[in-house]
Amino acid sequence: MNEVSSTPAYKELVYKILNWREEGRRRELSAIRKGAISQTEFYAYPYIIPYAQNPERDDERIALLRVAAIIAEFANVPQAEAELRKHTLGLWARQVAMARSDIRGSDTVIENRLTYIHTQPLEQAILTIRRIFQIASSNKTACPAIDYVNLLHTFLRWGKGVSQTSKQSRLRILRDYYSFVPQTSELNKSLEQTDHED
């Protein structure tokens, strides 16, 4: 008798890529990273498309391919441990901004990138987050952990900004970014997780 997994396919995809990162599966990760742009995304199809509920839907396919490419590319941005997985994309972006401000003084680069993210189409919004990943990974001493499942879930629900679900998904990034007042221990724990993985 075949058992049906209760884990959503997109979660399985995230954990598979994270495992491949740990195992150093360069061939697979290289192909998945090519899913970052439409011109080379076909290299990632064998690894990503089987996890799509409806591969014909452009928005689902794009979200899976582009976010999977981020996970594969930014191996130095760790997956949050269980107790930190409540941290959404907006909370993570705030931690990145705070880590940068500790080094460079007041930092508005992240805030400026997020200001209009809720008005951006899917492809552009993911590109905005990719740039924040580049900023986060360039900080050698402090790279906060992120919940990659939440990251992918956010963009799977991105929509066109018309439905209530789409609006909420888009605005949650900003709400969480501005509402996050970290306890020093929380930020330190996230940053320590990064230090231990080096």
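Values in this text are rule-based calculations from the coordinates and carry no lab data. Source: prediction; values computed, not measured. Every residue, glycine among them, receives a Cβ derived from its backbone with ideal geometry; neighbour counts consider all protein chains shown.
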For this session: Using the Cα centre as the reference, give the magnitude of the dipole from point charges on the C-beta atoms of segment 9-73 (Lys, Arg: +1; Asp, Glu: -1; all else neutral), rounded to the nearest 20 debye.
Result: 240
Exercise. In the neighborhood of ALA69, defined by Cβ-to-Cβ distances under 9 Å, what is the net charge if each Lys or Arg adds +1 and each Asp or Glu adds -1?
Worked result: +2
Problem set entry | Estimated FRET transfer efficiency (GLN164, PHE42; beta-carbon r; R0 45 Å; 0.05) | 0.85
Problem set entry | Sum of side-chain charges, ARG33 neighbourhood, beta-carbon under 13 Å (Lys, Arg +1; Asp, Glu -1) | +4
Exercise. In nm, to one decimal, how far is the THR115 label point from the THR7 one, both placed 7 Å along Cα→Cβ?
Worked result: 4.1
Exercise. Under a point spin-label approximation (7 Å from Cα along Cα-to-Cβ), what is the GLU81-GLU56 distance to one decimal in nm?
Worked result: 4.6
For this session: Principal axes first, then extents: for the Cα atoms of segment 7-137, list largest minus smallest coordinate on each axis, whole Å, largest first.
Result: 44, 34, 27
For this session: List the pair-distance distribution P(r) of segment 9-73, using every Cα-Cα distance, as the percent of pairs falling in each 5 Å bin from 0 up to the bin containing the longest distance, rounded to whole percents.
Result: 4, 21, 34, 26, 11, 3, 0
